[in-house]
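Asks: The structure follows.
No lab work stands behind these numbers, since they all come straight from the coordinates. Keep in mind it's a predicted model, so treat the numbers as computed, not measured.
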Amino acid sequence: MGAEMRRAFGATSLAEMKEFAGFPAATQRYVRRALDIGLGRQDATRRWSRDLVEAASIKAQARIYGRLDHIRHHLPDDSGLDQVEPFFTPLVTMTAFDLGQGRINSFSAYRFLYERLIGGGVRPWLPGAFCAAAAMPILHPEKRRSLLQSISEAAATAPGWSNRQPCFFPEWVDKVEEPLPS
């Protein structure tokens, strides 16, 4: 990797880290948990569950995320309608699950997570999937309103999208206890 590419990769990674740092703590936690489940990085129940309710939520999320391989495999390479249904329906269902968990509160947090779960090629499909899931009656009307208001006109109507793969994948970080000075 040349020096110019390393600088570009570093700048992109830093921008992605800053974006992640701007999310609320609960969103950051959910994104890291979702990536552990969706990318098979860790035993998510052992790492993330604090009680039986959270353990059940993780189990349900793992079941829903079982569709990820199907979604990745059916990612359309063009906008032909014949390719959309096997891809878009499970994407909207998975999105509705994540939005219903109450931790993804904006399009930017949703986009951040799904670019990492599925890859950069999913970007053109994210505004539609987000809006479809955010408008579902399974969400409280105020939640639907805030989610739909979080997507900018520019994001919803972009003429094109980058297919660049994300660089930064946040993970669990153990707390380091620093000894107090004597």
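Asks: Give me Rg over Rh for the chain, both radii from the alpha carbons and Rh done the Kirkwood way, two decimal places.
Replies: Values: Rg = 17.5 Å, Rh = 17.6 Å.
When Rh is taken as the Kirkwood radius, the ratio is 0.99.
Asks: So what does log10 I(q)/I(0) come out to for the range 14-110 at q = 0.16, 0.18 Å⁻¹, using the Debye formula with one equal point on every Cα and no solvent?
Replies: -0.76, -0.93
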